[in-house]
1. Shape of the chain from its Cα gyration tensor (a ≥ b ≥ c, root eigenvalues): rounded if a/c is under 1.5, otherwise prolate when a/b > b/c, or oblate?
2. Identify the residues of segment 23-50 with backbone N under 15 Å of a label point that sits 7 angstrom from the Cα of LEU108 along the Cα-to-Cβ direction, or state none.
3. Express in nm, to one decimal, how much length is gained between ASN174 and ARG123 on full extension, taking 0.36 nm for each residue of separation and deducting their alpha carbon distance.
4. Of LYS111/LYS140; LYS105/LYS156; LYS82/LYS103; LYS23/LYS105; LYS38/LYS103; LYS103/LYS140, which sit over 23 Å apart, Cα to Cα?
5. If you build the Cα gyration tensor of segment 3-108 and take the root of 5 times each eigenvalue, what three semi-axes come out, in whole angstrom, biggest first?
6. Could you tell me the distance between the Cα centroids of segment 63-86 and segment 142-188, to the nearest Å?
7. Would you mind telling me which residue in ASN85, ASN171, ASN42 has the biggest mean-square fluctuation in a Gaussian network model of the chain, where springs connect alpha carbons within a distance under 10 angstrom?
8. What do you get for the angle between helix 100-110 and the principal long axis of the chain? Use alpha-carbon atoms, 0 to 90 degrees, nearest ten.
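Read the figures in this text as sums done on the coordinates, not as results from a lab. Not measured: the values here are computed from a predicted model. Don't worry about glycine lacking a Cβ; one is built from the backbone with ideal geometry, like all the others, and counts go over all protein chains shown.
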Amino acid sequence: MIAVYKITSPNNRVYVGSTINVKARFQKYFTLKCEDQKRLYNSFLKYGVKSHVFEIITECTEEEMYRLEATYGHMYDVFGKKGLNCALPKNGEFYAAISEDTKLKMSLIKKGKRQSIEQRLNRSKSMIGNKNCLGAKNNKKLVLDCETGIYYETAKEAAICKNINAGSLVNMLNQNHRHKNRTTLIYA
């Protein structure tokens, strides 16, 4: 059965989810195989799974499942203090909207961690050809300051020297219709 469901803890905190197989999903919860859903998992550990109320909110089709999950999730305020969700489908699609609390925790976990050389090289390789990446090697375009005759290797370098926001400068140089070029800089 495809459905959107609700789980209510003994202290009235709510979790909303959706699944294409309710029986299998509830079985997963009863065997505590939901460690990735931290708030719900911790509630199960604290109060016991059997003390939670499991309800099916509505049966639905697979196409409308995520939209309904997001709708009911917002209706029950599952991100706030009354909720047990860390994420919900965003705009009714599979990718998740993450609660501010979860974003903060993710940020704190990563603070102070330094990426390995291998991770930095992989990140650098993934940026090659990315038009939004100012530092990507094959995006290098010479920039000329018409007033002084100075050439800059990249728009980023020119922006730093001219004390201009690099993203704004790139938009001006590309003659983006919202960013009229008010500088003496042009692509050479």
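1. On the way: a/c = 3.33, a/b = 2.66, b/c = 1.25.
Prolate shape, in that a/c is at least 1.5 and a/b is the bigger ratio.
2. Within reach of a label on LEU108: 39.
3. Working: separation 51, 0.36 × 51 = 18.36 nm, distance 2.55 nm.
Here the answer is 15.8 nm.
4. Values: LYS111/LYS140 31 Å; LYS105/LYS156 32 Å; LYS82/LYS103 18 Å; LYS23/LYS105 32 Å; LYS38/LYS103 13 Å; LYS103/LYS140 34 Å.
Listed pairs above 23 Å: LYS111/LYS140; LYS105/LYS156; LYS23/LYS105; LYS103/LYS140.
5. Result for segment 3-108: semi-axes of 19, 18, 12 Å.
6. That distance is 45 Å.
7. Per the Cα network of the chain with a 10 Å cutoff, ASN171 tops the list.
8. 60
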